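Chemist: Input: one structure, supplied below.
The values are calculated or read from the model by the stated rules, or taken from the named source; none is laboratory data. Bear in mind that the values here come from a model prediction, so they are computed numbers and not experimental data. The protein model used for the area step is the full one, side chains on, heavy atoms only, and it has no ligands, DNA or RNA in it. Shrake-Rupley method; radii C 1.70, N 1.55, O 1.52, S 1.80 Å.
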Amino acid sequence: TKTESEHAQIPQKKEPKLLDIPSLYEKEHEKPSIHLVVSGHVDSGKSTMIGRLLYEVGMVDERSMQKLKQSAANAGKGSFSYAWLLDSTDEERARGVTMDVADTTFESSKHIYQIGDAPGHKDFISGMIAGAYLSDYAILVVDASPNNFERGFFSNGQTREHAYLLRALSVKGIAVCVNKLDTVDWSYERFIAIKENILDFLVSKVGFKETMVHIVPVSGLSGENLIKRDEPKLLSWYNGPTLMNILDDFVPPTKPVKASLRITVNDTYRSAKGVCVQGRVESGNVQNNQVLFNVSTNSDAYVKSIIRNGHPHDWSVAGDNITMQLTDIDANEIRPGDILTTTSQPVKKTKSFIAEIQTFDLLRPILSGATLVLHRGRLSAPVVIKLQSVNGKKVRHITSRKTAIVKFTFLDGSYPICTVDDCKTLGKIILRREGDTVAAGVIRKV
Ligand code: GDP
C-alpha cells in the first residue's frame, strides 16, 4: 500500500471523458506503414538510391529536380543530385555526407515507408543509432564497383557493424541492394560472388534466417531495378523481384495502439498559449484534453492541440510524429529526452535496470565494472555495467558475439526507462565504447 506522501507525488489534473481511440483508428483503414533503416558503408550510394526512389514514385516534381541538379552542378558535385533530396542541411551538402536521420516518407500501392537515411560515415553512426531503434526492416546497400565491395565489407568496413546492429535490434528482414552494378557492366559473376559472400555472412555469422535476407541487383543512380528495369544486360540473367517488390512483400508490424501511452519528446519551445512539444508516439494513443504526465519533472499538463502530417487532429496513435500544444505546464518542466505518459500508467525514472545484450566483434573484452555509453533513441548517457551472466554462466568479462544479462547504472542521474515488453521501441538499447558500437539489446527489468 502506498503512503500519503507517495500519492501526493503524482499531481492530479481533472480529466474529461476520453474517446475510444483504438476503435476510431480501426475505422480509418489507413495504409499500413513500415519503418526502414538504410544502412551500408559510406559512399555505397544510400542517399542517391533513396533520392532516386523518391523520384521514381513521383515524390519529387520535375522542376524541383531540375533545381537540385543545377545547384549540385554549381557546387561541382553533379552526380550527387539525387542524394541532395535527402541531405538537407548546407553543411551536409558541402561535405557530401549525410549526418543525421533524414525523415523521409514514400508510398507504394501497398505500404507507406518511413525512412531514416543511415549515415555510413564512422563519426556519424549515432545518427543511424537514433533511427535504427524504430526499424521494422532494413535496406543494406553494398557497393559492387571494383574493390569497393571488399573495402566496405572487410577490414574496417561498416557493413559488418551495421549488420550486427540490425540483428541485435531485431529487424525482421533485410533487402540487400548490390548497388552500382552499372560500373561492372552488369556482370552476373560479380553479382553472384557478392551475393554468396553476403548471404554467408548474414546467415552463418550474424544469425539472420535465410528467408529474412533478399538480395537484389540495382543501380541507384540510373534507377535500374528499383521499381522497374529495362537494362538488356541485366534482363539477360535476372528475372527476380525489384527492390520495391521486396519491400512490398514485407509484412507490416501491428501498431501498439492499445498499449500504455509513451511519447518521446524530441524538442520543445514556448508558444503564446503554452508549451509546444515535438515528439513521437512510441506506443498507445493520445487525444485532445487528455492529461499527460512527465515523470522526469513530476509534472502534468493538458493536451490543447495535436498536429500530425502538418494538420490538426483530435488524436494520434503509435508511430505518429506529432507536435502538441500543452497547457498548464511550465516550459522548464518538459525537456528533450523526457517521456510523456498518462498519469495512471507512468514509466519509472530509475538509476539502474537489467538488460539482455548481444556483443559484436570486440577488439578486447568488456569487463564487469566498465563504463560504456548507452543509446536509446536520441538519449545517450554514460553507464557502468555489472555482468550478471553470460550464456547462462557467471563471469567477469564478455567477449565477441555473446549474449549476456547485465545490470546498468547511470553515472549522471536517473532517466525514464521502460522494458521492451512495455514498449517495443523504447526497450531497445545500443552500447558504444570509445566510438565503436560494442553491443545492443533489450531492457528486461526496471
Ligand atoms: P552514401 O554515402 O552511401 O549516401 O552515398 P552517395 O549516395 O552519396 O553516393 C556516393 C557516390 O556514389 C556518389 O558520387 C554517387 O553519384 C555515386 N553513386 C551512387 N549510386 C551509384 C550507382 O548506382 N552507380 C554509379 N556509377 N555511381 C553511383
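Chemist: Could you tell me how far the Cα centroid of the range 325-348 sits from the Cα centroid of the range 25-46, in Å?
Modeler: One Cα centre to the other: 28 Å.
Chemist: Given a cut-off of 23 Å, name the pairs among K258/K348; K46/K402; K172/K255; K349/K386; K209/K445 whose C-alpha atoms lie farther apart than that in the structure shown.
Modeler: K46/K402; K209/K445
Chemist: Can you tell me the alpha carbon radius of gyration of the range 376-444 divided by the globular rule-of-thumb value 2.2 N^0.38 Å?
Modeler: 1.12
Chemist: Would you mind calculating the gained length between N239 and K205 on full extension (0.36 nm times residue separation, minus the Cα-Cα distance), in nm to one decimal?
Modeler: Computed gain between N239 and K205 is 9.4 nm.
Chemist: Keeping the other protein chains in place, figure out the carbon and sulfur percent of the accessible area of the range 168-305, with a 1.4 Å probe.
Modeler: 49
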